[in-house]
1. If I ask for residues that are assigned to a loop (DSSP other than H, G, I, E, B) and within 15 Å of Ala1 (Cβ to Cβ), which ones from the range 107-129 would you list?
2. Take the conditions within 19 Å of Gly178 (Cα to Cα), crowded, with 21+ Cβ neighbours inside 10 Å and either without any contact (Cβ under 8 Å) to a residue 60 or more places away in the chain or out of contact with any Gly (no Cβ under 6 Å at 6 or more places or on another chain) (or both) and apply them to Thr65. Does it pass?
3. Look at Phe57 and say whether it is in a loop (DSSP other than H, G, I, E, B) and not charged (D, E, K, R).
4. For the range 22-54, enumerate the residues that are open to solvent by less than 30 Å² (accessible area, probe 1.4 Å) and not in a strand (DSSP E or B).
5. Taking the stated definitions as given, is Gly88 open to solvent by less than 50 Å² (accessible area, probe 1.4 Å), assigned to a loop (DSSP other than H, G, I, E, B) and modelled with pLDDT under 95?
6. Could you look through the range 132-150, keep only residues that are among the hydrophobic types (A, V, I, L, M, F, W, C) and assigned to a loop (DSSP other than H, G, I, E, B), and pick out the one that is modelled with the lowest pLDDT?
7. Which condition from (1) in a strand (DSSP E or B); (2) of a type in the set (D, E, K, R); (3) surrounded by fewer than 19 Cβ atoms within 10 Å (Cβ to Cβ) is the one that Asp97 breaks?
8. Report every pair of residues separated by at least 6 positions or lying on different chains whose Cβ atoms are under 6 Å apart, first residue within the range 236-249 and free of Cβ contacts under 8 Å to residues at least 40 places away in the same chain, second part of a strand (DSSP E or B).
Amino acid sequence: AAHRVNKMTLGVSNNGTFGSGFSAAGTTDCFTGEPVPGCEYPAGSNAEYLFAGALWFGAVVGRDTLVSTGAEGWFAVNEFHPYEAPGGNMIRRPTLDPYSPEYTDAVSHMDLIAVFTDTFVTLAGIDPGNGGRPHVPLNIEVTRSTYSWGFMPAEDIVLMDYRIRNIGQQALSDAYVGIYVDGDVCVDCNSGGYQDDISGFIDKSLWQSGTCEFQEDVAIAWIADNDGDLAAGAVPNVTATSVVRTPLDSLTVNYN
């Protein structure tokens, strides 16, 4: 399905991925029947800023270090899957229509909620990068709620809230959460417009002077087109991913 209520049209799926490139169900919105882009910004411009992204989760289980991925980009291995329908169907909750039955419990103008687990071993595929060993699950269940609003200052963002639950019998220690992003920036990606993309990471304190002085620590991974592709239709903007909340008091961030 896709968020369509603000300037960012973002596709999300119920197999641990977002964007449209790693969707296991095609690129048609299950609620509206419309095509689902990766991340179109601004909406209606045909300017793409994302092929696909995915959740990665790793932890130590007993004496083994295990990682489950929605997609890892190279070997078509998908280790998160929804429950069998209807339990695994995506849920849509908008606040725009208070008379709709979907209005109950809605948080934003458009909530899209997906539940998936890493326990479906035979569906995952064999990862050559893991020595050809079949997928070994951590036995986690993930509820990902994504929220979007159609007004300032939130009209350029989609919030993703991941709730990760251990549904297995073994304790998980030294857990890490990763967000993998393959962020093609182009108008016509079939012509190779993504090949000159640039990306980077901002990890420092930003200061604003004046009457409202404050200090904010940021950790932002960003991507843009090197020259904006002005001749091909223009993708002059920058999109980014940032962690805004964790259950811990302190956070160790790594960027590759």
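The values are calculated or read from the model by the stated rules, or taken from the named source; none is laboratory data. Since this is a predicted model, take the numbers as computed values, not measurements. With ideal geometry, Cβ positions are generated from the backbone for all residues, glycine too; neighbour counts draw on all protein chains shown. For accessibility, only protein heavy atoms count, side chains too; no ligands or nucleic acids. Shrake-Rupley method; radii C 1.70, N 1.55, O 1.52, S 1.80 Å.
1. To start, the set of residues in the range 107-129 that are assigned to a loop (DSSP other than H, G, I, E, B) comprises 107-109, 118-120, 124-125, 127.
The answer is Ser108, His109.
2. Details: within 19 Å of Gly178 (Cα to Cα): yes; crowded, with 21+ Cβ neighbours inside 10 Å: no; either without any contact (Cβ under 8 Å) to a residue 60 or more places away in the chain or out of contact with any Gly (no Cβ under 6 Å at 6 or more places or on another chain) (or both): yes.
Judged against the criteria, Thr65 is not a match.
3. Details: in a loop (DSSP other than H, G, I, E, B): no; not charged (D, E, K, R): yes.
No; evaluated as a whole, the condition is false for this residue.
4. Step one: filter the range 22-54 for residues open to solvent by less than 30 Å² (accessible area, probe 1.4 Å), giving 29, 36-40, 47, 49-50, 52-54.
The answer is Asp29, Val36, Pro37, Gly38, Ala47, Tyr49, Leu50.
5. On the way: open to solvent by less than 50 Å² (accessible area, probe 1.4 Å): yes; assigned to a loop (DSSP other than H, G, I, E, B): yes; modelled with pLDDT under 95: yes.
Against the criterion (open to solvent by less than 50 Å² (accessible area, probe 1.4 Å), assigned to a loop (DSSP other than H, G, I, E, B) and modelled with pLDDT under 95), Gly88 qualifies.
6. We begin by selecting, within the range 132-150, every residue among the hydrophobic types (A, V, I, L, M, F, W, C); these are 136, 138, 140, 142, 149.
Now restrict to residues that are assigned to a loop (DSSP other than H, G, I, E, B): 136, 138, 149.
Values: Val136: 91, Leu138: 96, Trp149: 96.
The residue in question is Val136.
7. Going through (1) in a strand (DSSP E or B); (2) of a type in the set (D, E, K, R); (3) surrounded by fewer than 19 Cβ atoms within 10 Å (Cβ to Cβ) one by one, Asp97 breaks only (1).
8. Note: pairs meeting the criteria are Val238/Trp222; Val238/Ala224; Ala240/Ile220; Ala240/Trp222; Ser242/Ile220.
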